[in-house]
Amino acid sequence: MKVWSGSVAPTLSALFAASFANGFIATDRRVFGGDRSPLTKKKYHSEAAVTPLSVVEKTALHMSSPESQQGRSRRPKKTVQDRTQEEAISLVRDIIQAAVDAGPRAAPARTLQAYMALSTTLRDFSPFQPPGKSAESFSTPVAIRKLFERMGATYVKLGQFVASSPTLFPKEYVKEFQKCLDATEPLEWSLIKGVIEKEIGPISKTFSYVDQTPLASASIAQVHRATLRTGEDVVIKVQKPGIDESLKADLSFIYVASRLLEFFQPDFERTSLSAIAGDIRSSMLEELDFEKEATNIEEFRRFILDNSFQKQVTAPRVYRESTTRKVLTMEYLKGVSMLDLESISKITNDPESTIITALNVWTQSVMTTPWFHADVHAGNLLVLDDGRVGFIDFGIVGRVGEKTFKAVSELSVSLAAGDYEGMAVALCNMGATDEEVDIKKFGKDIQRVMENVSQVQPDVAVMGMANGSFQGTVNFDEDEVTNVLLEIVDMTENNGLKLPREFGLLVKQMLYFDRYLKILAPNLDVMGDSRVDLVGTSAGSVPPSESISDAIIV
């Protein structure tokens, strides 16, 4: 059954205020973990950290009226004849470099796989089916999602990019690609063993035991539990052999195709197509380097230590001597999901404090470090057996960008004051628009969406047991998070505004925490409870140090 509480604190609003207080959150240029700047005792608003997707920042705010829109003239449409010699040379250079990066062997194999994937997908919708099987009703988003899954690692990652980018892609594709799971059949142990031994030497020299059955198998890597010879329980993340060649071939093709399309149809430049393709390409190629993720983990552990949070939270220890670009060995953290209220209640008698601690630590990382964990779904945020919160999987990180700092500072002030028109102005300063925006209407739309968000509640199911007792479970649907995010995107686009992808990524993290709070702390007043830190100055009751140590140099 569905249980609706009579009074719900405006948690999402409070979370926005907390995270926007000191700067806008922009995803790392290498979205899945990449370039980092040295940490210093300053607030971080590095211009270099802003992804190329922020081309949408060219916005000017307009207070609109119908009359003012009629007199504007369109700029002349650019054609291929307007291209300069320098632009042509740049295109040829990019094509040659992409061919070199792809290598001579990968392209033919990927072409064959593409043919087989397309044939299988077409058969799913064909009216000519074997006895006992009926054709699926054709849907373009479904067909493309199936094709992507059958095309392998690169296209699964592209599907996940679509699913996490509601500011860039149509809602029907965003919702369908939520089903694009990064789970594949595991490779034989002999192949994985070969990668490990090639990278770090004979297994027996490092590990006393390795479970040959993987914990998980994804498109790029699979993970195995193991025990070091020194006795520590660890997990080994191993890159699948040959995946680098296929990724480079696929990504090079996608990038070159986008460059050619923009070159011959210059008007497409306004969509930033090649910038997006280039960013995806850089992101995924960086994801092949597990040493990047290892550095992310170590920096977060240093953040925890420097702020005296180690009794409340942790992240896996990285074993550098057993880590390379293709093998990541790290501490095994045993815990339960933030959605598992029953198990959490067995670990601690105060689940409310647990989620407050997680929120406070994450908020402080947003405020005081060059990057923050940008994928806090329930599988990456655990409650450990000792009661601490464990942050895992640092493949996706976000960065603080300077260019929109003023806009989000205005947003923070307006949000705290409940000034919806002020929020509309701030969002206009953050996004991009080619038309004038009706601020009054936009403000009313923001108010409606925020009120809708505050009404969303988790599902509570209560079952009678054979012994006469009752057992309850609390959960929420991942689609619910996506739907709220799509509603926000629709609202902004309907008002003539295009927000950067980074904004959507940030909002999704807020929605995750909003759901955890409603499950673990349903009666919490986020704005009024003194335990909740809205400015990133504490976690739990332990006061942090001023900032992260200057000693961290990337």
Inter-label distance, nm, simple model (7 Å from Cα along the C-beta direction), LEU122/ASP529: 5.7 nm
For ASP490 and LYS179, what does the FRET efficiency come to when R0 = 22 Å and r is the distance between their Cβ atoms, rounded to the nearest 0.05? 0.60
Ranked output for segments 229-237, 344-352, 312-320 by mean other Cβ atoms within 10 Å, highest leading, reads 312-320, 229-237, 344-352
Average silhouette area of the range 244-353, convex hull of alpha-carbon atoms, in square nanometres: 11.1 nm²
Packing-based order for 353-364, 298-309, using average beta carbon neighbours within 10 Å, highest first: 353-364, 298-309
Kindly write out, for the range 215-229 in residue order, the coupling ³J(HN,Hα) from the Karplus curve 6.51 cos²θ - 1.76 cosθ + 1.60 (θ = phi - 60°), rounded to whole Hz, with x marking Gly and Pro. 5, 7, 9, 10, 5, 9, 8, 9, 10, 10, 6, 7, 10, 6, 4
Which FRET efficiency, nearest 0.05, do ASP385 and ASP211 yield, Cβ-Cβ r, R0 22 Å? 0.65
Using a simple spin-label model with points 7 Å from Cα along the Cα→Cβ vector, what separation in nm is obtained for GLU291 and GLU86? 3.6 nm
Contour minus Cα-Cα span, ASP233 to GLN129, at 0.36 nm per residue, comes to 32.4 nm
Using the eigenvalues of the Cα gyration tensor, what equivalent ellipsoid semi-axes result for the range 332-372 when each is taken as the square root of five times the eigenvalue, whole Å, largest first? 24, 12, 7
Show me, for the range 199-213, the HN-Hα J-couplings you get by feeding each phi into the Karplus relation (A = 6.51, B = -1.76, C = 1.60, θ = phi - 60°), rounded to Hz, glycine and proline as x. 7, 10, x, x, 4, 5, 6, 10, 10, 8, 7, 9, 6, 6, 8
Can you tell me the accessible area per residue over the range 278-398, all protein chains present, probe 1.4 angstrom, in square angstrom? 32 Å²
Which residues' amide hydrogens lie under 5 Å from the amide hydrogen of ASP438, considering only partners 5 or more residues apart or on another chain, with H built in the peptide plane? SER64
For ALA221, which sequence-distant residues (separation of 5 or more, or a different chain) have an amide H within less than 5 Å of its own amide H, given hydrogens modelled in the peptide plane? LYS240
Given +1 on the Cβ of Lys and Arg, -1 on the Cβ of Asp and Glu, and no further charges, what dipole in debye does the range 147-283 carry about its Cα centre, rounded to the nearest 20? 160 debye
Extending each Cα 7 Å along its Cβ direction at LEU191 and ARG320, get the distance between those two points in nm, one decimal. 3.3 nm
Determine ³J(HN,Hα), in whole Hz, for all residues of the range 310-327 in sequence, where each value follows from phi through the Karplus function 6.51 cos²θ - 1.76 cosθ + 1.60 and θ = phi - 60°; x replaces Gly and Pro. 5, 7, 9, 9, 7, 9, x, 6, 9, 9, 4, 5, 10, 10, 9, 5, 10, 9
Figure the gain on full extension for ILE203 and GLN265 (residue separation times 0.36 nm, minus the Cα-Cα span) and round it to one decimal in nm. 16.9 nm
Suppose a student asked you for the relative contact order of the range 112-214, using Cα pairs under 8 Å spaced at least 6 residues apart; what percent would you report? 17 percent
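The values are calculated or read from the model by the stated rules, or taken from the named source; none is laboratory data. On a predicted model such as this, the values are computed, not experimentally measured, just so you know. Cβ coordinates were reconstructed from backbone atoms using ideal geometry, including for glycine residues, and neighbour counts include every protein chain displayed. Please note that ligands, DNA and RNA were not included when accessible areas were found on the heavy atoms of the full protein model with its side chains. Shrake-Rupley method; radii C 1.70, N 1.55, O 1.52, S 1.80 Å.
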